[in-house]
Amino acid sequence: MKFAVHAAFALSLAVAAPAFAAVPAPAAAAAAAGPAHVKAVQDLLGAMHVENVLRGVAGRSRYASDAQRQAVFAKLDKTPPAEVYQRLAPALAPVISADTAAEMTRFYNTPYGKQVIHKKYNSGVQLSMPGMTAAVPPEEKKERKRAAYVQASKELAGAEPAIEREAFKLLQQINKEKR
């Protein structure tokens with residue numbers, strides 16, 4: 001029985017390997033994205049205030065000492081947000097389509113979208129009890145029904161792990177730089 005399980009597992013790996021090999025390298029995919037696509041992703045990162053994601057990653061990271069933590073945050077304070085957007089956009093362009101970037105930038109620049117971003121980075125602890133449902137404002141109900149928004153928000157939610165990963169990589173690069 002064990003042999004059959006191991007054989008099935010090996011066969012599944014052999015079948016899945018070509019699918020993983022077909023993933024393009026980030027540099028090649030970013031080059032294929034084009035400057036307009038990278039600019040659209042850069043605009044989205046600005047509308048999302050992704051520099052706060054970088055701070056969140058820095059806050060969750062472990063440091064050898066408190067002095068090292070303070071040094072990292074001092075370097076982040078000296079890094080302009082525009083530089084963060086510019087450095088992250090090429091790496092995220094393969095993961096975020098130009099249409100999604102344009103749609104979500106439009107959304108995050110609306111008054112309601114700005115509230116969403118503010119709550120995302122500035123909300124405190126929220127209690128939830130069984131049976132409770134969140135009140136949905138009318139503007140959000142209207143926005144949630146738009147097909148372009150629905151598709152773009154799903155794609156952006158799928159890209160969140162990549163955004164976190166690239167933010168971590170950028171944090172490491174900024175930490176190594178002498179500022």
Pairing a residue in the stretch 48-74 that is at pLDDT below 90 with any residue that is basic (Lys, Arg) and part of a helix (DSSP H, G or I), where Cβ atoms lie under 7 Å and the two sit 6 or more apart in sequence or on different chains, gives TYR63/ARG69
The one condition GLU143 fails out of (1) touching a helix residue (DSSP H, G or I) at 6+ places or on another chain (Cβ under 8 Å); (2) at pLDDT 90 or above; (3) charged (D, E, K, R) is (2)
Among (1) touching a Leu at 6+ places or on another chain (Cβ under 6 Å); (2) more than 15 Å from LEU44 (Cα to Cα), VAL150 falls short only on (1)
task = Restrict the check to the stretch 98-118 and report whether at least one residue is farther than 22 Å from VAL57 by Cα, surrounded by fewer than 16 Cβ atoms within 10 Å (Cβ to Cβ) and among the charged types (D, E, K, R).
result = yes
- Task: Return yes when ALA91 is assigned to a helix (DSSP H, G or I), among the hydrophobic types (A, V, I, L, M, F, W, C), in contact (Cβ under 8 Å) with a residue 60 or more places away in the chain and in contact with an Asp or Glu (Cβ under 6 Å, 6 or more places away or on another chain) and no when it is not.
- Result: yes
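Can you tell me which residue within the stretch 48-63, out of those that are among the β-branched types (Val, Ile, Thr) and in a helix (DSSP H, G or I), is surrounded by the most Cβ atoms within 10 Å (Cβ to Cβ)?
VAL53
The values are calculated or read from the model by the stated rules, or taken from the named source; none is laboratory data. All values reported here derive from a predicted model rather than from experimental measurement. Cβ coordinates were reconstructed from backbone atoms using ideal geometry, including for glycine residues, and neighbour counts include every protein chain displayed.
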